[in-house]
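K.L.:
The structure under discussion is supplied below as structure tokens; questions concerning it will follow.
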Amino acid sequence: PPGSSDKAPGAPVQPAQKAGDYFPLTVGSSWQYLGEGNEYASFNRLVLFAKGNRAQVRSDNGGTVSAMVFETTDTAVTRVYMKGEEYGSANFLDAEPNENILILKTPLETGTKWEESNGVTREIVDINAALDTPAGRFENCVKVKITGQDSTIYEYYKEGVGLVRSEFLSGDTSVTSTLEKYNIK
């Protein structure tokens, strides 16, 4: 019947979504986020270097500049290196990993859940989230709930765009960073 999720024999199979598709990391790509609730909630990111399945992102929130190296595969996006207070343009793609933070993992479906070594839990809670931002309307976003000891963070990722919005909640505190403009190279 119409609307049924059963596939007819021989029906085309939807290709599995790849985690890396939600985290484009081509050199020169940039994102600018408008923040609310904290003076450092506004920030921008720029991909400085890429090689193989790794890319280095420069993040500047007006207070500090940091370097992050992300590794993307079909099944996961992992932050493998992080260095705060990095104001130069050194290349850390081949640096010894100092982190292993799994940002996004497959299957990209509601209920996919994983834990970080620090006790933080991440879970995909929606795959059809829609958001209006200064950069436009984004539909079919993957919404990840990050549960820490005293806070909850929601991150929204759009295929081909990356992080669209981040919401930090702790008690009465709410800090959001929303995509204002972006340029994927």
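K.L.:
Step through the table entries Lys105/Lys158; Lys158/Lys181; Lys105/Lys185; Lys18/Lys113, compare each Cα-Cα distance with 20 Å, and write down the pairs that go over it.
P.N.:
Details: Lys105/Lys158 14 Å; Lys158/Lys181 14 Å; Lys105/Lys185 24 Å; Lys18/Lys113 16 Å.
With Cα atoms farther than 20 Å apart: Lys105/Lys185.
K.L.:
With contacts defined as alpha carbon pairs under 8 Å and 6 or more residues apart, what's the relative contact order of region 19-78 in percent?
P.N.:
On the way: 117 pairs, mean separation 18.6, N = 60.
Worked out over region 19-78, it gives 31 percent.
K.L.:
Given charges of +1 on the Cβ of Lys and Arg and -1 on the Cβ of Asp and Glu, with all other atoms neutral, how large is the dipole of the chain about its Cα centre, in debye to the nearest 20?
P.N.:
About 560 debye.
K.L.:
Determine the order of Lys18, Lys51 by accessible area, beginning with the largest, at a probe radius of 1.4 Å. Could the numbers behind the result be given before it?
P.N.:
On the way: Lys18 90, Lys51 110 Å².
Heavy-atom accessible area, descending, gives Lys51, Lys18.
K.L.:
Now a separate question. Just from the alpha-carbon atoms, what are the Rg and Dmax of the chain in angstroms?
P.N.:
17.2, 60
K.L.:
Give the peptides 145-158, 79-92 in descending order of average Cβ contacts within 10 Å, highest first. Numbers along the way, then the final one.
P.N.:
Numbers: 145-158: 16.4, 79-92: 14.0.
Taking the mean over residues of other Cβ atoms within 10 Å, the ranking is 145-158, 79-92.
K.L.:
Here is a follow-up. What list of ³J(HN,Hα) values in whole Hz, one per residue of region 61-70 in order, does the Karplus curve 6.51 cos²θ - 1.76 cosθ + 1.60 (θ = phi - 60°) give from phi, with Gly and Pro shown as x?
P.N.:
So the J values, rounded to whole Hz, are 10, x, x, 8, 10, 10, 10, 10, 10, 10.
K.L.:
Obtain the nm distance between the two label points defined at Glu123 and Asp172 by a simple spin-label model: each point lies 7 Å from its Cα along the Cα-to-C-beta direction.
P.N.:
A separation of 2.8 nm, rounded to one decimal place.
K.L.:
Can you pull the percent of the chain's accessible area that's carbon plus sulfur, 1.4 Å probe, other chains left in place? All intermediate terms of the calculation are to be shown ahead of the outcome.
P.N.:
Details: 4650 of 10110 Å².
Within the chain, the accessible surface is 46 percent carbon and sulfur.
K.L.:
Still on this structure: Output the relative contact order of the chain, whole-number percent, from Cα pairs under 8 angstrom with separation of 6+ residues. Present the calculation step by step, with values, prior to reporting the outcome.
P.N.:
Values: 451 pairs, mean separation 38.5, N = 185.
Taking the mean separation of contacting Cα pairs over the length of the chain, I get 21 percent.
K.L.:
Of the candidates Gly37, Gly20, Gly162, which one comes out as most mobile in a Gaussian network treatment of the chain with C-alpha springs shorter than 10 Å?
P.N.:
In the Gaussian network model the winner is Gly37.
The values are calculated or read from the model by the stated rules, or taken from the named source; none is laboratory data. Predicted model only: the values in this text are computed from it and were never measured. Please note: Cβ atoms are built from the backbone with ideal geometry, for glycine as well, and neighbour counts cover all protein chains shown. When the accessible area is computed, the model is the full protein with side chains, heavy atoms only, and any ligands, DNA or RNA have been set aside. Shrake-Rupley method; radii C 1.70, N 1.55, O 1.52, S 1.80 Å.
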